[in-house]
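Beneath this line is the structure, given in structure tokens, with notes to follow.
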Amino acid sequence: HPLRTNSAIAQGGPHAPLGSDDSPESLAEDTLTAGDGLCDRAVVQKFVQDAAKDVIWLERMGVPFNRDSQGKLDRRACGPIRRTRPCYGDDRRGHMVLQVLHEQFQREQIPSFEEWFVTSLVVEDGNCLGVTALSLRSGKLDSFAARAVVLATGGFTRMYLPSTVSLGTTGDGQALAYLSGARLMDMEMVQFHPTVCPKGQSFVITEATLSAGAKIVNQKGDVIQESKGLTRDKLCLSISQAGNGNGSPFLDLKPIGKEKLLAQFPQTQELLRTVGGLDATKDLIPIRPVAHRPMGGIETSANGETSIAGLFAVGECAANGLNGAGRLAGNTLTEAVVFGRLVGESASKYAKSAAKKNFPAAKLTAEEKRLAGLISTSSSQDSLGKIHSELGQLMNGKVGLRRDARGLQEAIGGIRQLG
């Protein structure tokens, strides 16, 4: 369902150079720093030039941003950025953006097919002609012909256990593209989030709490790691090392102040209370780095074109060069909106100009046989849940925050055994 996606749980507000002390050049510099200089500079420039107008577009669509005393969009610090830049709506920004955009989608009466699972892309002579998909309600496999197909299926970090992502963030779009011949890139670049509470299934505590005054401490409450100026990768490594000789790392939210904490971080304190059994205004919060978002994915241009004609990709399933080795905290939602618009326009233009081709009916029959074969030839007695659990532990242990050649080879062997 459109509202059950990883975007819904994004807490940080969208970045945009809206302040008088800010500029596109400053946002570009921060983005390049977070990406360790491996970003495509032309893509970064396109992003920063469009960021402000697209965030204003969200506001005009009805997204309820917090306001300052003058009635303007309020902004707050987040992560290592030098400017007070992210617009925000408490700590529920992704949920609010998704709700409003889905409301506008319904208002336009755009046809949608909800609760379908795409099983394959239909590619012929280097052109994507549509997809085959399985209805999760009826169990029927059907074909969808299209002159242009856009993959917006999210990342793959659900392969890690624990992770910060929604249940459906399992890399299906990347797999579909790869099996159809599209190129992938930067798949080794996986970002971990530094402030994740391990209670329950693990959940993110936004880095905006650090900018608001929260401290990383040991069990005695002594500060063991300063966060100012550190990018996510460096902060994750520092937190994982900080416990050596000082006790396990915790997040102390009390310095924020009870009133500000409850007013600006209501979702955080609610999750801590209901999932963790903790009081954000009194207790120290255990934290650890956890797999968060991939930087790599389906190789695309800034306009979303892949190596297959008629196939486009956008968002976390795509790798257009914006993020390099790491995504700047707060860029996620802005990236989705900026490139969502660009890719939508590009796919629409392609669809209008592309010659109409008949959908090969034999592809549906072949896909039905392939799926039936997968079921009938499966000899494993393990449940999917057990396989996923073993994969998650393997990825977290061998392909995690720290890696070496031996561990990666062991991971390859373990994954082959799971297959």
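The values are calculated or read from the model by the stated rules, or taken from the named source; none is laboratory data. Keep in mind that what you see is a predicted model, and the values were worked out from it rather than measured. So basically every Cβ, Gly included, is an ideal-geometry build from the backbone, and we count neighbours across all protein chains shown. Surface accessibility is based on the protein's heavy atoms, side chains included, excluding ligands, DNA and RNA. Shrake-Rupley method; radii C 1.70, N 1.55, O 1.52, S 1.80 Å.
Observations
- Criterion applied to Arg107, Arg93 was being within 30 Å of Gly173 (Cα to Cα) and open to solvent by 80 Å² or more (accessible area, probe 1.4 Å), and the one residue passing it is Arg107.
- Candidate set from the range 250-275 (those that are assigned to a loop (DSSP other than H, G, I, E, B) and buried (at least 19 other Cβ atoms within 10 Å of the Cβ)); member that is modelled with the lowest pLDDT: Phe265
- Identity of the residue in the range 60-116, touching a residue at least 60 places away in the same chain (Cβ under 8 Å) and among the small types (Gly, Ala, Ser), that ends up farthest from Ala34 (Cα to Cα): Ser112
- So Leu38, is it surrounded by 16 or more Cβ atoms within 10 Å (Cβ to Cβ) and out of contact with any Lys or Arg (no Cβ under 6 Å at 6 or more places or on another chain): no
- Residues satisfying the stated conditions in the range 124-183, i.e. assigned to a loop (DSSP other than H, G, I, E, B), open to solvent by 30 Å² or more (accessible area, probe 1.4 Å), aliphatic (A, V, I, L, M) and more than 25 Å from Lys386 (Cα to Cα): Ala146, Ala152
- Qualifying residue in the range 234-249 (condition: farther than 20 Å from Leu401 by Cα and crowded, with 18+ Cβ neighbours inside 10 Å): no
- When the range 87-126 is filtered for residues that are closer than 17 Å to Leu333 by Cα and in contact with a Lys or Arg (Cβ under 7 Å, 6 or more places away or on another chain), the ones remaining, listed by number, are Cys87, Tyr88.
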